[in-house]
Each structure stands twice: as C-alpha cells, then as structure tokens.
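A.B. asks: Have a look at this one before I ask anything.
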Amino acid sequence: MPGREARVPWGIAEVTGPSMYPTLRHGDQLLVRYGAPVRAGQVAVLRHPLQQDLLIVKRLAERREGGWWVLGDNPGAEGDSRVFGAVPDELLLGVVRARYRPLGDQRSARAVLSWLLLGVRPVLAGSGAPSVRRRSLSRRLRAR
C-alpha cells in the first residue's frame, strides 16, 4: 500500500462466513485502518482478485511474486490464495485493528460491561488458529 493515500483512514466492515474462524466469527464488526503499513501475519481487507466488487478479509501469509499470499484462519474453508493465487498490492485496502460483536438488544449495565470485556478485542498479527498462525486471513465488506 505504499504510495496510496486513503481518503478515509478508518472504516467498519462486517464479517460473513466462516473463513476466518476462530479469529473472526460471522457477524463480527471490524475496525479497519485503510492505507496502514502491512506485514505478514496481519489480518487485512482486500478486493477479491477475481471479483473486485467483493471485499474479503484474510491473513497476510507472505509476500510472493505478484503480491500477497493470503489465507483464512479456518483451513477447512475455501476462498483464499490456494484458490486464486497471490493478491496484487493494489487490491490490498487496509489492516484490521479490532473486532467487536454487536451489542444486541440487552442494554443493562451488566450486559454492556460483559460486552466491553468480552465482545471487543484487538486483532493481532499471528493470532489465528494454531495451524494458520503462520499464514493469512480473509473477509468481505459483508466479509467472507
């Protein structure tokens, strides 16, 4: 993402699908930093290389010729570089900084406190499933 200037530095995206489980779950909301420097192990938001109107969330596994090799944290789910190859740099949009689960209908003090303690957490590099910690991540703006 060097040389790219983001118009809006922060955004929110919603996860759909199981490809990033257990790091991310269907329905999670993501805080995304657009234009941030990236490194292997981070979770990022990208345009799908074969369907560029679709946004995906994947873990950046490694740099390869042609771009980033990206993988989902759920090895049983499809839809990462094992299917479509390396993702060119220009399709990398931003880095996921945090995820939170929607608060839901309960608004009691206890429910809000529980949500603050358990429902919000940073998304760190290498925090994926044990078999994927050295690999990459996925998502879509209703992310898959």
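Each row is one residue, and each column tells you yes or no for (1) within 14 Å of the chain's Cα centre (by Cα); (2) in contact (Cβ under 8 Å) with a residue 40 or more places away in the chain; (3) more than 21 Å from Val8 (Cβ to Cβ).
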{"residue": "Arg39", "(1), (2), (3)": "yes, yes, yes"}
{"residue": "Ile56", "(1), (2), (3)": "yes, yes, no"}
{"residue": "Leu71", "(1), (2), (3)": "yes, yes, yes"}
{"residue": "Pro88", "(1), (2), (3)": "no, no, yes"}
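A.B. asks: While we're on this one: Just one of the numbered conditions (1) surrounded by 21 or more Cβ atoms within 10 Å (Cβ to Cβ); (2) assigned to a strand (DSSP E or B) is not true of Asn74; which one?
C.D. replies: Condition not satisfied by Asn74: (2).
A.B. asks: Sort out which residues of region 84-116 are among the hydroxyl-bearing types (Ser, Thr, Tyr) and assigned to a loop (DSSP other than H, G, I, E, B), and write them in order of number.
C.D. replies: Ser108
A.B. asks: Now for a separate question. Give the residues of region 23-37 that are surrounded by fewer than 22 Cβ atoms within 10 Å (Cβ to Cβ), touching a residue at least 24 places away in the same chain (Cβ under 8 Å) and in a loop (DSSP other than H, G, I, E, B), sorted by residue number.
C.D. replies: Arg25, Gly27, Gly35, Ala36, Pro37
A.B. asks: Taking the stated definitions as given, is Ala111 under 12 Å from the mean Cα position of the chain (by Cα) and at pLDDT 70 or above?
C.D. replies: no
A.B. asks: Inside region 47-61, can you point out the residues that are in contact with a Gly (Cβ under 9 Å, 6 or more places away or on another chain), assigned to a strand (DSSP E or B) and of a type outside the set (Lys, Arg)?
C.D. replies: Correct list: His48, Ile56, Val57, Leu60, Ala61.
A.B. asks: State which residue is farthest from Leu93 (Cα to Cα) when the search covers only region 10-22 and only residues that are surrounded by fewer than 24 Cβ atoms within 10 Å (Cβ to Cβ) and of a type outside the set (Gly, Ala, Ser).
C.D. replies: The residue in question is Pro22.
The values are calculated or read from the model by the stated rules, or taken from the named source; none is laboratory data. Since we're looking at a predicted model, the values are computed, not measured. Glycine also receives a Cβ, built like all others from the backbone with ideal geometry; neighbour counts cover every protein chain displayed.
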